[in-house]
1. Across segment B:247-269, what is the total count of residues that are over 20 Å from the mean Cα position of the chain (by Cα) and in a helix (DSSP H, G or I)?
2. Please enumerate the residues belonging to segment B:38-55 that are closer than 13 Å to B:LEU122 by Cα and open to solvent by 10 Å² or more (accessible area, probe 1.4 Å).
3. Could you give me the residue pairs with C-beta distances under 7 Å whose first residue belongs to segment B:232-255 and is surrounded by 13 or more Cβ atoms within 10 Å (Cβ to Cβ), whose second residue is of a type in the set (Lys, Arg) and assigned to a loop (DSSP other than H, G, I, E, B) wherever it lies, and which are 6+ apart or on separate chains?
4. I need the helices (runs of 4 or more DSSP H) fully contained in segment B:107-158, keeping only those with at least 1 residues that are open to solvent by 70 Å² or more (accessible area, probe 1.4 Å) and either within 23 Å of B:LEU9 (Cα to Cα) or of a type in the set (D, E, K, R) (or both).
5. Yes or no: segment B:316-327 includes at least one residue that is of a type outside the set (Phe, Trp, Tyr) and within 14 Å of chain A (Cβ to nearest Cβ).
6. When the residues of segment A:115-133 are narrowed to those that are surrounded by 15 or more Cβ atoms within 10 Å (Cβ to Cβ) and among the acidic types (Asp, Glu), which ends up farthest from A:ILE91 (Cα to Cα)?
7. Would it be correct to say that B:LEU368 is touching a Phe, Trp or Tyr at 6+ places or on another chain (Cβ under 6 Å) and either of a type in the set (Phe, Trp, Tyr) or open to solvent by less than 30 Å² (accessible area, probe 1.4 Å) (or both)?
8. Cβ-Cβ under 6 Å, sequence separation 6+ or interchain: first residue in segment A:12-34 and away from chain B (no Cβ under 14 Å), partner in a loop (DSSP other than H, G, I, E, B) and open to solvent by less than 60 Å² (accessible area, probe 1.4 Å). Which pairs?
Amino acid sequence: MAKYLLLKHYRGAPAAVNDVPMDKWTPEEISAHIQYMNDFADRLRETGEFVDGQALAPEGTFVRYDGEGRPPVTDGPFAETKDLIAGWMMIDVDTYDRALELAGELSAAPGAGGKPIHEWLELRPFLTEPPTITE
Amino acid sequence: MDGVLLRSLTPDVLAILVRRGADFAAAEDAVQDALVEALRVWPDDPPRDPKAWLITVAWRRFLDATRADTARRHREDRADEEPAPGPASEVDDTLQLYFLCAHQSLTPSSAVALTLRAVGGLTTRQIAQAYLVPEATMAQRISRAKRTVSGVRFDRPGDVATVLRVLYLVFNEGYSGDIDVAAEAIRLTRRLAAAIDHPEVAGLLALMLLHHARRAARTSADGGLIPLAEQDRGRWDTTLIAEGVEILQTALARDRLGEYQAQAAIAALHADAPAAEETDWVQIVEWYDELVRLTDNPVVRLNRAVAVGEADGPRAGLAALAPLDDSLPRHTAVAAYLHERDGDLATAARLYAEAAHKAPNIAERDHLTRQAARLNTRRKG
């Protein structure tokens, strides 16, 4: 078993094939999209491959330590930051191929015109605990 | 097995252990152990007297834990010979538990967790599931909370306002898992209302009942939000509404207005309207004026702007909105709505999309995106 993170980007991924912002879809197309996403997660729960899924607000803040006795410095959000994560799904699957298959399925979620978005999702393997048997 | 019955016995059992001389933290642990044991044993072997069973098992657990602690050997000997509980009133004991669990030295999340466990009788696992944190995290939060209040004397009266704030949080915060946390909040508030005669406790209970009555109508089959104006009012629970209105009227008659009674009055006016168009917005604005006077809360002023928009037209609503800080949560969504009512669909669509961008939860984000999409589709077509 191996855990993977499926990352969805607000910004930073290559443009999708069917690249229309959601507020320019019809309300029915939005409903169909949400239904597809929910069904996808439900299927993974049934197969025992779902671990977690969360959505993030689009705007965050950069924070850093600013020395003893001083409050942390905050900055941003930066419009020029290339990458912006929208949310993730964590899956636990048997093979890399299965992870690819699932990411492909998620990317086929319907968008404008009811057609697949072909959105680029990022697939990242988790670094794991070391195995017990090493030789 | 009846989980609600089991939970309803929790504060009594805990109070009895404390009255027998156990300190709060140890007694609470023992009661929690007994609850977990009951969940395991009762389905196959239900007790004749559930409360007596819980007291016996919890007391034994408390003694076992005390015995295990060699440094407390002396106290254990005394505790073992402790007589049966005295005649002190159970109602007062329960009330003290509410005060303790909502004590002002606790952070809101700690007070919520401790209340749900010690008064509500939920297990740590159930509370962890409700708030989507690991069980170990919730266990740690609860044990820290107990340490924080361990120095508070159990017999000192507390502040009702802090208890109400915690119960309001329990009711209003979103949750997940198998336990209906909102229903649990109502159960705990009912019990508080039975133990203490206070118009704001009644006001909060009425507020909860009136909002709970709309629950079935509030979400669509696919989980989407349905705003008040579009809800199928036939799906509102008229029994809960009738109860909420009656409790509220009795409270208002005492002429000691507070923020929960005023909020409940607004909910009651909505419940009273057979259709959205028949809502008495003028009276609702008056109640918002009362709320502003009582709390001077900017979120109340924002909601008031919506009511003014309905009572006196969208231009008046926009004027009421103008002096408010546009970084307030939902400010953009309110502006979008008022501009739509005013006929400026282009501005409304742009603001709905912007409001979706700022939405604090997925249900609201999806709802606001749909609103933008609806207007954009209409403008195209």
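The values are calculated or read from the model by the stated rules, or taken from the named source; none is laboratory data. Computed from a prediction, not measured in an experiment: that's the story for all the values here. Neighbour counts are summed over all protein chains in view; Cβ atoms, including those assigned to glycine, are modelled from backbone coordinates with ideal geometry. The accessibility values were calculated without ligands, DNA or RNA, using every heavy atom of the protein model including side chains. Shrake-Rupley method; radii C 1.70, N 1.55, O 1.52, S 1.80 Å.
1. 4
2. B:LEU39
3. As it stands, the answer is B:TRP236/B:ARG214, since those pairs meet every condition given.
4. Filter on segment B:107-158 gives B:124-130, B:135-149.
5. Yes, there is a match, as at least one residue in segment B:316-327 is of a type outside the set (Phe, Trp, Tyr) and within 14 Å of chain A (Cβ to nearest Cβ).
6. That would be A:GLU119.
7. Against the criterion (touching a Phe, Trp or Tyr at 6+ places or on another chain (Cβ under 6 Å) and either of a type in the set (Phe, Trp, Tyr) or open to solvent by less than 30 Å² (accessible area, probe 1.4 Å) (or both)), B:LEU368 qualifies.
8. A:ALA16/A:ILE117; A:ALA16/A:GLU119; A:ASN18/A:GLY111; A:ASN18/A:ILE117
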